[in-house]
1. Scan Thr93, Thr139, Thr117 and give me the residue that is surrounded by 12 or more Cβ atoms within 10 Å (Cβ to Cβ), closer than 30 Å to Leu55 by Cβ and of a type in the set (S, T, N, Q).
2. Against the conditions (1) more than 15 Å from the chain's Cα centre (by Cα); (2) part of a helix (DSSP H, G or I); (3) at pLDDT 90 or above, where does Leu49 fall short? Just the number, please.
3. Take the residues in segment 67-86 that are part of a helix (DSSP H, G or I) and either touching a residue at least 60 places away in the same chain (Cβ under 8 Å) or among the aliphatic types (A, V, I, L, M) (or both); name whichever of them is farthest from Arg97 (Cα to Cα).
4. State the number of residues belonging to segment 17-43 that are of a type outside the set (Val, Ile, Thr) and over 21 Å from Lys85 (Cα atoms).
5. Does Ile64 satisfy the criteria of being at pLDDT below 95, part of a helix (DSSP H, G or I) and touching a Lys or Arg at 6+ places or on another chain (Cβ under 7 Å)?
6. How many residues are modelled with pLDDT of 90 or more and either within 30 Å of Asp51 (Cα to Cα) or exposed (fewer than 13 other Cβ atoms within 10 Å of the Cβ) (or both) if we restrict to segment 120-132?
7. Picking from Phe94, Phe129, which residue would you name as being farther than 30 Å from Leu27 by Cα and either of a type in the set (S, T, N, Q) or outside any loop (DSSP other than H, G, I, E, B) (or both)?
Amino acid sequence: MDDKARYYALKLLGYRGRSVKELEERLRKKGFPTSVVTSTVRNLKQVGLLDDKALAESLRREAIKTKLLSQYGARHLMLKRGIPKEIVDSLFTFDEREDIETAGKLIHRKLRAMEHTSPEKRKRRLYHFLLRRGYCFDTIKRVLKEKRINEED
């Protein structure tokens, strides 16, 4: 039974990195007993194939650099993936400048698709788009002002 659980866990880890919590849930869902799940997870941790801290660092990088999420959005993504709160908290020192820079890149990318949109609609859409990505009101307001996105375009 241990070999089947390990094989299934390795198969899951082959698709993408998973947190300890995610892997435990998937193994339980597959019907493996708690003792087998525990021993499999312990074994994978020992050999270095299961590491929540490394996964969290990777997710943070991907969320901010690739998906252009805010720090809050990246933090939420990691918590949702089952990364322990202590690890997530250790990765973030909220820096508003980083959020402003990332939001600016996101707006720049989005504006190309909104060329023929009225200024009012453009501002509203950008505001809601950034809000969904986890940016706070003050950051959004500041970035829209810096990019000169306003009704008087």
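1. Matching residue, one of Thr93, Thr139, Thr117: Thr139.
2. Answer for Leu49: the failing condition is (2).
3. Leu79
4. 10
5. No.
6. 2
7. Phe129
The values are calculated or read from the model by the stated rules, or taken from the named source; none is laboratory data. All of these numbers come straight from a predicted model, not from anything done at the bench. Note that each Cβ is placed from the backbone with ideal geometry, even for glycine, and that neighbours are counted across all protein chains shown.
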